Amino acid sequence: MKIIKHVKFFTSILITFLIMSVTLAGLWFSLPKLPLLQGVLFSKAIYSADQQLLRLTLNKDQNYQSFVPLNQISPLVIKATLLQEDRYFYHHLGFNPFAVIRAFVATYIMHDRRYGASTITMQVARMRYDINSKTIAGKLKQLYYSLALEKYYSKYEILQAYFNLAPYGGNIQGIKAASLIYFNTAPNKLTLAQALALVVIPQNPVKRMPKSHYNNLHLIEARNRLFTLWQQHYPVSEADRVSIALPLQISTRWHLPFLAPHFVNYVLEHHPKNPNVITSLSLPLQQLLERVTRNYILQKNKLGIENTAMLLVDTHTMQIKAMLGSADFYNQKILGQVNGVLAKRSPGSTLKPFIYALAIEQGLITPMTVIKDAPLRFHNYTPENIDDRFLGPVTAQQALLLSRNIPAVYLENQLRRENLYTLLKRAGITKLKSSNYYGLSLVLGGGELSMLELVKLYAALANQGILQNFHYLKTTHSQGGIRILTPEASFITLDMLSQNPPIGLLPTIGWDNRLPQVAWKTGTSSAFRDAWSIGIFSHYVIAVWIGNFTPKTNLAVTGYTAAAPLMFQLINAINEFSHLPSSKIMPTANLNIKKIDVCEASGLLPGKYCTKTITTWFIPGVSSIKKDRIYQRIAIDAKTGLRTCHITADTEFKVYEFWPSDLHQLFQAAGIKRNFAPEFLPNCNAADSNDDQNSLTITSPINHGVYQISSKTHQLPLTVISKNSANTIYWFVDKSYLATTRLNQIAYWHMQPGNHTITAMDQQGDIVNSSINVKSDILAKH
């Protein structure tokens, strides 16, 4: 009978086991796939290029929870966690049945203290799916979800999820956020003492949450118990024993870094999804330039200068290396949280180099071409210089470096294939109004650009005319781009800008003569609200803006006196920090350029009688090849010293200067002595002389120009200059007589739509024509 009973007993156990096995097998195959870390919104950790934390953001639930892959967590943390939480993690299917039975008996049968039976998988299930595991129903749900996790995810993925979900006190979740906040280090760089302290926090995060001003006793006791257990399984060095005995050096959430705030905001706006971002920013350079800039602004506060912005970009990679959006991010008085690097402002004269580059590219000028800095009227627009003065004839290089307005407007008006507006449009400058809106005023800062856009344009000069996008990540750099200028025009423009010395700045900035070559330009807005200085040096381009975000005029806000000194202080600091090579900004290899001699007075190829020359850059096949005719050899009556029309025994030949009539008058008005030719003898007909005279030149309208009739004006001014002695001008429109004027008077023509030929003739019979097209639909720049 006993044998039969034993057989029945074992049979029932076997049947029960089979039923349970079938049930579990059915349950296993019916388990749904649950999301693990998918859908968890993590904080964003932004780092500098050298992987220093710039900012750790809060996630949507206002928690610090930054994602970290398991392979970037210290092995010390992983070993200690398995030792503390789940020694059989790699051997069970989600739960430890022996631990579950022990916990059930102790809690619900013996009514002893609660025993934990949760494996790491069970803890992940509880945290991820918000399960109340203190009830029997909750515990069963936790077990069910644990099985589901084990079915669909690897141990690696489950353990990784644990480290990214575990609570570490307050609103700190995940090992990475805890490591960064409490110890200011990455999870893969934790010491044994730090690792053990973090491992014990999730068991009781309320009691064991670290405190900065004292060592939490509950935390220290729990860590020391784990250290005792650790020594039973792993070897321990004497240094580890000493570090365990020392007080923990702990920080809190309030010590989290908040560095380069404008730059980090820019990154977060443009890179919103990636939870871990290693940027291109050089934190040592950023902090150095911030100190220099803020000290400078403090010194200038007495002048009413309160705000500034700065941007440093590596032209080789187009990576942003430093960015300062305002003088003080926390100062509401100056609207410190506004990012001045992104704000649209009047660029002042900072766009002038691109007009000269286009003029060089189109063969209109070389650096030594003489341009007139004198009163000019362009249709209904009369530009003025900021100092209300006129320098007369200046070289293109002088006009650029001295930032003269009228020569720049004149050159812009001469451009044909492309002008400044079309260049800016091709460069992707945003929020530009129509070209008709600006007219020629765009040259002098009539539009608005951001510092980011200006620096991008200047970086194109350094990159042989190739415009490239910015990068703010360490792992990306520019490739390709679009060409906006030829390499030759870019080089010559940079070379012109590099001739601009920091005159007047040396005593104030401690100029270091070992600095690399700097090509730079300043700009000032018309209302003295914006002062700019932009420089290209070594492999960097730097921009400085000084002004106010409010519409406030300050006469101390000028590019040369306010922005340029700060820019050179920053360049000096960068040089001391980085020991920059003294190489040139842009090499000349493989460029279609050469240096030639030109006549110093005119900037043209030396004529027969030009005795003083100067060298300049020249683009073969592009640059103008006109010869100088300022110097001419004429017949002089030896007895009177006057010009003669007939060769006699008393005739001698001398070389004099023959300037256009407008420049001639400028020299005379300024009291500048030039070797002008004397008057003719009485009753001498200049037309009969043997002098090599030039014909007339119409200055308005421009030959091949396009003009529009506006609602404001239908009148087109007609002006001419002359190199001979004529002083009466006869005007014709399409061979029909219009008016007679003196040489320096203006005639006006009531414009009519269509193609027209304007003709000017003097009393000696010299004639010049200008062909134009007149439109009547809209007002446009001409």
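Give me the percent of the accessible area of region 327-367 that comes from carbon and sulfur atoms, probe 1.4 Å, all protein chains in place.
That share works out to 55 percent.
Given the -39500 (n - 2.57) contribution per DSSP H run of 4+ residues, what per-residue ellipticity at 222 nm results for the chain, rounded to the nearest 500 deg cm²/dmol?
-9500 deg cm²/dmol
Which of the trypsin sites (Lys or Arg not before Pro) found in region 392-426 are loop residues per DSSP with 13 or fewer other Cβ atoms within 10 Å of their Cβ?
When the trypsin sites (Lys or Arg not before Pro) of region 392-426 are filtered for loop state and at most 13 Cβ neighbours within 10 Å, ARG416, ARG417 remain.
Among ALA148, ASN63, GLY547, whose Cα sits farthest toward the positive end of the charge dipole of the chain (+1 at Cβ of Lys/Arg, -1 at Cβ of Asp/Glu, about the Cα centre)?
The Cα lying farthest towards the positive end belongs to ALA148.
Using a 1.4 Å probe on the protein chains only, how many percent of the accessible area of region 42-96 belongs to carbon and sulfur?
Here it works out to 49 percent.
Sequence neighbours fewer than 8 away in the same chain don't count; with that in mind, list the lysines whose C-alpha is under 22 Å from LYS775.
Correct list for LYS775: LYS433, LYS712, LYS735.
Before I look further, what does the chain give for accessible area per residue, probe 1.4 Å, in whole square angstrom?
In whole numbers, the chain has 47 Å² accessible per residue.
Once neighbouring chains are kept in place and the probe is 1.4 Å, which whole percent of the accessible area of region 417-472 is contributed by carbon and sulfur?
Roughly 47 percent, rounded to a whole number.
Taking the Cα centre of the chain as the origin, how large is its charge dipole in debye, to the nearest 20, when only Lys and Arg (+1) and Asp and Glu (-1) carry charge on their Cβ atoms?
It works out to roughly 3920 debye.
The values are calculated or read from the model by the stated rules, or taken from the named source; none is laboratory data. Just so we're clear, the structure is a prediction, and the values are computed from it rather than from any experiment. When we count neighbours, we look across all protein chains shown, and the Cβ atoms used for this are built from the backbone with ideal geometry, even at glycine. Surface areas here come from the heavy atoms of the whole protein model, side chains and all, with no ligands, DNA or RNA. Shrake-Rupley method; radii C 1.70, N 1.55, O 1.52, S 1.80 Å.
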